[in-house]
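Q: I have a structure here, written as structure tokens, and I will follow up with some questions on it.
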Number of protein chains: 2
Amino acid sequence: MSDEESLTLNEAQIATATGERRRRAGGRGAERSRKPSGTKYLNLVNNLARTELLSPDALDDIHEASLTILEEIGMDIILPEARERMKAAGADVTPGRERVRFDRNMIMELIASIPSNFTLHARNPMRNVEIGGRNLVFAQVASAPFVADRDGGRRAGNQEDFRKLIKLAQSFDIIHMTGGYPVEPIDIHASVRHLDCLSDIVKLTDKAFHCYSLGQQRNLDAIEIARIGRGISMEQMEREPSLFTIINSSSPLRLDGPMLQGIIEMSSRGQVVVVTPFTLAGAMAPVTIAGALVQQNAEALCGLAFTQMVRKGAPVMYGGFTSNVDMKTGAPAFGTPEYMKAVIAGGQLARRYGIPYRTSNTNASNTLDAQAAYESALSLWALTQGGGNFVLHAAGWSEGGLTASFEKFILDVDMLQMVAEFLKPLDVSADALALDAVRDVGPGGHYFGTTHTLARYETAFYSPILSDWRNNETWTEAGSPTTYDHANRVYKETLERYERPPLDPAIEEELDAFVAKRKAEGGVPTDF
Amino acid sequence: MSDEESLTLNEAQIATATGERRRRAGGRGAERSRKPSGTKYLNLVNNLARTELLSPDALDDIHEASLTILEEIGMDIILPEARERMKAAGADVTPGRERVRFDRNMIMELIASIPSNFTLHARNPMRNVEIGGRNLVFAQVASAPFVADRDGGRRAGNQEDFRKLIKLAQSFDIIHMTGGYPVEPIDIHASVRHLDCLSDIVKLTDKAFHCYSLGQQRNLDAIEIARIGRGISMEQMEREPSLFTIINSSSPLRLDGPMLQGIIEMSSRGQVVVVTPFTLAGAMAPVTIAGALVQQNAEALCGLAFTQMVRKGAPVMYGGFTSNVDMKTGAPAFGTPEYMKAVIAGGQLARRYGIPYRTSNTNASNTLDAQAAYESALSLWALTQGGGNFVLHAAGWSEGGLTASFEKFILDVDMLQMVAEFLKPLDVSADALALDAVRDVGPGGHYFGTTHTLARYETAFYSPILSDWRNNETWTEAGSPTTYDHANRVYKETLERYERPPLDPAIEEELDAFVAKRKAEGGVPTDF
């Protein structure tokens, strides 16, 4: 990544956020002469040595205990077709019973066929993301029932806010892809919601995306929409994963019908399945983090092994979502020290199996305060040092996932960019060591106007979107704005600057025709 | 650290902060039936593998470049006595000139005599701190000219706030020691300020402390006060370091008179000298982080080598304080990606020389908002993963060090405790793996009421002081409090609970007599 690119980003993304704010103390005017270059923060690589909390023996113990669970206790598999496939693969299935047990060797043979890395394709090839290895990919908040900003408060999800959040995801290169519906637009009928939402995502972004596994037909519609968006054949799409789905187990130890169906539809067509047990220690999992990890690992291995029963070599990710609850109230807690440990240990498990590792940027705050920031920062610390490959909910996740926050989205973008800058190699060239500059300035001088400084000052450092470094007097005169105030302004300015990414009119036409046809057919049956 | 201790802490430290708040939504009443146990978070050990950003070659390059600076460019040494000592040690000193140059081998021979770890003694032996190795020690904010809380706003430092901040430092075991005056009490005349402040520190805390190097007499008074506080002989004190001083170079490449005098007085008596260049990249140091590190290392090695000229084996620390400026305004920036890199690379340099490493918990926010939290959290990330041994400004540092904030102090205590909990080894005993508990609950159940959970739920997880995990409705009914609100309440409740640590009346009498005598002598001459 060149310094020129860095400069382009700085001016485009933060002119109004920081520069303008600094030039005119308290001013709210936006300068829009530049646009994002569209090439910054793609293909992030995390070359840090992975932090490990588990010794090799402890890692073995967790691994073996989870296989013992699958072998001796088993999982409830709530889909007859899945049980049949499992039986065919050698699992211990009793006719008419949901409980299925799995030989540990069978599980490990299936896990061995999982690819360690793959490309997830977007309709714009520049937005393709590499999953696994040392790659680090950020996806937007997903699945919040509520949405909030400071002006409008907290409200039920709706199409207008859904679209705005998708536009925000498109506006920052650090958000590599979307990740489900950032907020659930309940003003669209559930029978056709996936059609409207996914066609919006294809039109408003050119990034890779997610489909919910809520019944076979929704999976099939999503796969078709992704195929149309890319303008390719089904055969090509099977070779080139272009869609992902999150499969949550119903912890403890249960995989529900739509989830199993999702695995069948997606894995059989070579699309990406992310198996993520939701193992809150003390609620759906043992109260110890080690015990919750054992259960997480059992559930993940079961789901992942099933993907390989469906299709050997199908691309998947190992999802970790173990956290703790507040034992006083039972409320889920995130971004805690226990969460950090679970994230890092989960990474060790995923790497043991050679499977790309999915993590999350979490917090449980009700607003954009210090808590929101420290819980998120601790999450980012753990997932970065722990070797997360894919970060769902990377931007905008608030209130333990109940709310998609516009301001939190901007805060997260800024923090993600800081992580990306931190991961950039430190330049230790002779020029960077600056011996000549030190010689020129000498004892007692300063570096403000030197040639060495002037040649680099515009691009030397990351310029945050939100950090307010004005002196106290100027800051007070400007009305003592907080990060919340700045984020509120920046998200609106970003939406004003938003431009739709180009889409081939023929593709758009095909997409509209498909959606219209499926709507005419009634979408999918619902309980409504 | 046992679970029992953890419980004691939780109830004592957070009953009013979290538990009570949860039990009575929105209530402000404080329950004060328990007191801190006084044994939690002592002797913190950081067993994480250190994160490294510099290859062995790059580390060599920085090392060699800094020695080239000392050899070819030299440092300005603004104290004749220091130049004489340097000349005697073999440095290149020209009579009547301040510039001194140092042979690289001479520097490295002196550095080799530095102890890799030592004990810093407090008047309460339980509060002794181990410096170096894998130990991690937190000291309170130091040297802020302003002080702030939400109620009183930002104001000049004064004795009342000084005392309150010292009391806060005493109230939390995670704050292992004080670190200079948390705020400069300008309502005490400068000639006697050190006498009042240090005798306050000895009386209001039983933790180790700092003295400013602002002239020989202040050092000597501080050493005598520390000696009296411990009730020991000068001979014992010389064997047992009981006081530390921060020596900042006047970057670039200058050591001022009082700093050099401080090294002479402190090192000659076996007290602790922390040499910390203040190398802001782009201002007092090259605009590149690598260049700023080269200069930091040159200045640090020079000061550290001088301590060993004064007394071989004198205890010291290698201080890193390299950050960047906002190139738009020249304002110092902290907790940035560049700061993180400098902290981690600085740790590699300190470990290369086998010297304990001093870092800081920084941020540049004007208030207790998300920025304050994320800049601090990123600082803590870097210094924890980078192997900091000693963290000055660990709690309360705000606004780039200009303000000591009461609320930020509490926020930092909470974050430091989270770091400490994160560093606790993950329990992977058979009991923690919880296979029996998983067997008992089985698929589809829950863990809320199980024997395994009930036996552990009170101590299983860290209970934050500030995190507000109530659901949105309850939180809204309580008036939508932010972290700032909670921190404001908690700091006041903590001060209400404060109790003076026991002090031998004979020691207190001797201390008062010494201070009275020195005041009668006029303290120290000042320019006022």
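Quick note: the coordinates plus some simple rules give every number you see, no bench work behind them. Since we're looking at a predicted model, the values are computed, not measured. When we count neighbours, we look across all protein chains shown, and the Cβ atoms used for this are built from the backbone with ideal geometry, even at glycine.
Q: Taking the beta-carbon count within 10 Å as an exposure proxy, list B:LEU433, B:LEU293 from fewest neighbours to most.
A: Sorted ascending by nearby Cβ count, the order is B:LEU433, B:LEU293.
Q: Short version: ³J(HN,Hα) in whole Hz for each residue of the range A:404-410, in order, from phi by Karplus 6.51 cos²θ - 1.76 cosθ + 1.60 (θ = phi - 60°), x for Gly and Pro, what are they?
A: For the range A:404-410, the Karplus-derived couplings read 8, 10, 4, 6, 5, 4, 5 Hz, x marking Gly and Pro.
Q: Another question about this same structure. May I ask you to sort A:SER429, A:SER480, A:SER405, A:SER250 by Cβ crowding, counting other Cβ atoms within 10 Å and putting the fewest first?
A: Placing the least packed residue first, the sequence is A:SER429, A:SER480, A:SER250, A:SER405.
Q: Right, here's the next one. Just for the Cα atoms in the range B:447-513, what are the lengths along the principal axes, largest first, rounded to whole Å?
A: Between the extreme Cα coordinates on each principal axis of the range B:447-513 lie 60, 37, 12 Å.
Q: Does the range A:142-284 come out rounded, prolate or oblate, given a ≥ b ≥ c as the square roots of the eigenvalues of its C-alpha gyration tensor, rounded meaning a/c under 1.5 and, failing that, prolate meaning a/b above b/c?
A: Oblate is the answer for the range A:142-284, as a/c is 1.5 or above yet b/c matches or exceeds a/b.
Q: Around A:ARG311, with a cut-off of 14 angstrom between Cβ atoms, what is the net charge of the other residues, counting Lys and Arg +1 and Asp and Glu -1?
A: Around A:ARG311, the charge tally is +2.
Q: Stick to Cα atoms and the Kirkwood definition of Rh, then tell me Rg/Rh for the protein assembly as shown.
A: That ratio equals 0.99.
Q: Let me ask something else. Can you say what percent of the DSSP beta bridges in the range B:260-371, counting only those with both residues inside, are antiparallel? Round to 5.
A: In the range B:260-371, approximately 20 percent of DSSP beta bridges are antiparallel ones.
Q: Expressed as a whole percent, how much of the Cα-Cα distance distribution for the range A:122-166 exceeds 15 Å?
A: Above the 15 Å cut-off, the range A:122-166 has 59 percent of its Cα pairs.
Q: Starting from the amide H of B:ALA331, placed 1.01 Å from N in the peptide plane, find each other amide H under 5 Å away whose residue is 5 or more places distant or on another chain.
A: Long-range HN contacts for B:ALA331: B:ASP326.
Q: Let me ask something else. Considering Cα pairs under 8 angstrom that are at least six residues apart, work out the relative contact order of the range A:136-177 and quote it in whole percent.
A: 49
Q: I would also like to ask the following. Quick one: label points 7 angstrom along Cα→Cβ at B:THR329, distances to the other copies in nm, smallest first?
A: 3.6
Q: I need to check one value: relative contact order of chain B, counting alpha carbon pairs closer than 8 Å and at least 6 residues apart, in percent.
A: Over chain B, the number comes to 19 percent.
Q: Using Cβ contacts closer than 10 Å as the measure, can you line up B:PHE209, B:PHE448 from fewest to most?
A: Ascending number of Cβ neighbours within 10 Å: B:PHE448, B:PHE209.
Q: Using DSSP, restrict attention to beta bridges with both residues in the protein assembly as shown and report what percent are antiparallel, rounded to the nearest 5.
A: Roughly 40 percent of the DSSP beta bridges within the protein assembly as shown come out antiparallel.
Q: Still on this structure: Grab the other residues whose beta carbon is less than 14 angstrom from that of B:ILE62, score K and R as +1, D and E as -1, and report the net.
A: Here the charged neighbours net out to -4.
Q: Taking a quarter of the surface of the convex hull around the Cα atoms of chain A, what do you get in nm²?
A: Averaged projected area of chain A's Cα convex hull equals 27.2 nm².
Q: Tell me the angle of helix A:216-230 to the major Cα principal axis of chain A, expressed in degrees between 0 and 90 and rounded to the nearest ten.
A: Helix A:216-230 and the main axis of chain A meet at about 40 degrees.
Q: Counting Lys and Arg as +1 and Asp and Glu as -1, what is the net charge of the other residues whose Cβ lies under 14 Å from the Cβ of B:LEU165?
A: With Lys, Arg at +1 and Asp, Glu at -1, the net is 0.
Q: Continuing with the same structure: Taking the label point as lying 7 angstrom from Cα along the Cα-to-Cβ axis, what are the distances from B:GLY90 to the corresponding position in the remaining copies, in ascending order and in nanometres?
A: For B:GLY90, the other copies' label points sit at 7.0 nm, shortest first.
Q: May I pose another question? Treating the beta-carbon of each Lys and Arg as +1 and of each Asp and Glu as -1, no other charges, what is the dipole magnitude of the protein assembly as shown about its Cα centre, to the nearest 20 debye?
A: About 280 debye.
Q: Once you sort the root eigenvalues of the Cα gyration tensor of the range B:356-489 as a ≥ b ≥ c, which label holds: rounded (a/c under 1.5), prolate (a/b larger than b/c) or oblate (the other case)?
A: Cα axes put the range B:356-489 in the oblate bin.
Q: Could you give the radius of gyration (one decimal) and Dmax (whole number) of the Cα atoms in the range A:197-247, in Å?
A: When restricted to Cα atoms, the range A:197-247 yields Rg and Dmax of 10.3, 27 Å.
Q: List the distances, in nm and shortest first, from the label point of A:GLU160 to the matching label points in every other copy, placing each point 7 Å from Cα along the Cα-to-Cβ direction.
A: Label point to label point, same position, other copies: 5.0 nm.
Q: If you line up the long axis of helix A:193-204 against the longest principal axis of chain A, both from Cα atoms, how many degrees apart are they, to the nearest 10?
A: For A:193-204 against chain A, the angle is about 40 degrees.
Q: Something else now. Stick to the Cα atoms of the range A:303-364, pair each with every other, and give me the Kirkwood hydrodynamic radius in Å at one decimal.
A: About 13.0 Å for the range A:303-364.
Q: Any idea what the relative contact order of the range B:84-152 is, in percent, if you count C-alpha pairs under 8 Å spaced at least 6 apart?
A: It rounds to 15 percent for the range B:84-152.
Q: Then there is this: From the P(r) of the range A:223-381, could you give the percentage of C-alpha pairs in the tail past 29 Å?
A: Across the range A:223-381, Cα pairs with separations above 29 Å total 25 percent.
Q: Taking Rh as the Kirkwood radius computed over C-alpha pairs, what is the Stokes-Einstein D of the range A:229-313 at 4 °C in a medium of viscosity 1.567 mPa s, expressed in µm² per second?
A: 95
Q: Determine the calculated [θ] at 222 nm for chain A from helices alone, applying -39500 (n - 2.57) to every DSSP H run no shorter than 4 residues and normalising by the residue count; nearest 500 deg cm²/dmol.
A: -13500 deg cm²/dmol, from helical runs alone.
Q: Find the all-direction average of the projected area of the Cα convex hull for the range B:298-428, expressing the result in square nanometres with one decimal place.
A: 9.9
Q: Still on this structure, please answer the following. How big, on average over all directions, is the shadow cast by the Cα convex hull of the range A:136-217, in nm²?
A: Averaging across all directions leaves 5.7 nm² for the Cα convex hull.
Q: Distance check, please: which entries in B:LYS207/B:LYS519; A:LYS167/A:LYS203; A:LYS40/A:LYS207 exceed 19 angstrom between their Cα atoms?
A: Violating the 19 Å limit, Cα to Cα: B:LYS207/B:LYS519.
Q: So how strong a dipole does the range B:39-91 carry about its Cα centre when Lys and Arg Cβ are +1 and Asp and Glu Cβ are -1, to the nearest 20 debye?
A: Roughly 500 debye for the range B:39-91.
Q: Follow-up question, since we're still on this one. Nearest 10 degrees is fine. How inclined is helix A:370-385 to the longest principal axis of chain A, computing both from alpha carbons?
A: 70
Q: Measure out, as a whole number of angstrom, how far apart the alpha-carbon centroids of the range A:153-180 and the range A:294-364 sit.
A: A separation of 25 Å, based on Cα centres.
Q: Here is a follow-up. Between the range B:399-437 and the range B:81-103, what is the separation of their alpha carbon centroids in Å?
A: Using only Cα atoms to place each centre, the spacing works out to 47 Å.
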